[in-house]
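Enquirer: The structure's right below; bear with me while I get my questions together.
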């Protein structure tokens, strides 16, 4: 089976490609540009371009794992709606109409908006950011396309993740930098908000497992199902590092675009493991 991975040089993409290197599948990967080396064929491409030969260019893959999405973590920028949404839909539609029948797209917990508690896939989306709105609209477009085209669609909703190579502005990367510098304290919010975290290696493993099957389709939460406070997450990281640093709790206000306490329902994800 031949697979195409878009966004292969991104944070998650690198781990997905690494995971696929342990399989026997024929893999093609793409991104706008890269100096990295891959175990498989790399075809540079800008998916914002309009062209009719994407399927042929990427050697007619059986499966697409679509990770590419520009401009993160600027969640409230209009380019998610004005540029990313139409270009991503056009690319995926072209692949589907040319013959690809197994489509796997990365979604986001931001599609749920400010809803709290354990979030199930069948909840009505209420996105309150441009990013969440664009992603959810892309999903709706693809679901409409399924009414006239025969293909498998898995919409993989990511929650929170951490790991080597993450954006330097993420909380654990900032904490790591503060520990490395020997800072006197670490500034953060009150830390009582509840989130759902998984290491990026597990996120990538789940993405690959979801993509290589078609029995479980539709929206699938990719998360732990276990809420943890940001404060406890930070404390655990400090304990594991063997270092100490006082926490300056309440230095930053809580964000207004995220609910205070939410995590994902994983029952659908767990069906893959049975």
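The values are calculated or read from the model by the stated rules, or taken from the named source; none is laboratory data. Nothing here was measured: the structure is a model prediction, and the numbers come from that model. Counting neighbours? That spans all protein chains shown, and the Cβs are built from the backbone with ideal geometry, glycine included.
Enquirer: Considering each residue of the range 49-75, count those that are surrounded by fewer than 16 Cβ atoms within 10 Å (Cβ to Cβ), modelled with pLDDT of 95 or more and assigned to a loop (DSSP other than H, G, I, E, B), and give that number. Quick ask: steps written out before the conclusion?
Expert: Pass one, the range 49-75, residues surrounded by fewer than 16 Cβ atoms within 10 Å (Cβ to Cβ): 49-53, 56-57, 59-60, 62, 71-74.
Next cut, modelled with pLDDT of 95 or more only: 53, 56-57, 59-60, 62.
Checking which are assigned to a loop (DSSP other than H, G, I, E, B) leaves us with 53, 59-60, 62.
Selection size over the range 49-75: 4.
Enquirer: Just name the residue that is farthest from residue 73 (Cα to Cα) out of those in the range 145-161 that are in contact with a strand residue (DSSP E or B) (Cβ under 8 Å, 6 or more places away or on another chain) and assigned to a loop (DSSP other than H, G, I, E, B). Before the answer, list the steps.
Expert: Going residue by residue through the range 145-161, those that are in contact with a strand residue (DSSP E or B) (Cβ under 8 Å, 6 or more places away or on another chain) are 146, 151-161.
In the following step, the residues that additionally are assigned to a loop (DSSP other than H, G, I, E, B) were identified as 151, 159.
Details: 151: 30, 159: 13 Å.
Top of the filtered list is 151.
Enquirer: Restricting to the range 101-114, name every residue that is under 28 Å from residue 54 (Cα atoms), in a loop (DSSP other than H, G, I, E, B) and touching a residue at least 60 places away in the same chain (Cβ under 8 Å).
Expert: none
Enquirer: Looking at (1) within 19 Å of the chain's Cα centre (by Cα); (2) part of a helix (DSSP H, G or I); (3) in contact (Cβ under 8 Å) with a residue 40 or more places away in the chain, which is the one condition that is false for residue 96?
Expert: That leaves (1) as the condition not met.
Enquirer: If we scan the range 124-144, do we find a residue that is modelled with pLDDT of 95 or more, at positive phi and either surrounded by 21 or more Cβ atoms within 10 Å (Cβ to Cβ) or in a loop (DSSP other than H, G, I, E, B) (or both)? Working first, answer last.
Expert: Going through the range 124-144, the residues modelled with pLDDT of 95 or more turn out to be 124-144.
Remaining after also requiring at positive phi: none.
The answer is no; no qualifying residue exists.
Enquirer: Which helices (runs of 4 or more DSSP H) sit wholly inside the range 186-274 and have at least 1 residues that are touching a residue at least 60 places away in the same chain (Cβ under 8 Å), more than 18 Å from the chain's Cα centre (by Cα) and not assigned by TED's automatic domain parsing to the domain that holds residue 64? Reasoning before the result, please.
Expert: On the way: elements: 200-211, 230-241, 267-270.
Of the helices (runs of 4 or more DSSP H) lying wholly inside the range 186-274, those with at least 1 residues that are touching a residue at least 60 places away in the same chain (Cβ under 8 Å), more than 18 Å from the chain's Cα centre (by Cα) and not assigned by TED's automatic domain parsing to the domain that holds residue 64 span 230-241.
Enquirer: Which ones in the range 191-229 are touching a helix residue (DSSP H, G or I) at 6+ places or on another chain (Cβ under 7 Å) and over 30 Å from residue 153 (Cα atoms)? Steps first, please.
Expert: Step one: of the range 191-229, the residues touching a helix residue (DSSP H, G or I) at 6+ places or on another chain (Cβ under 7 Å) are 191-193, 195, 197, 200-201, 203-210, 213, 216, 220-222.
Selection gives 191, 192, 193.
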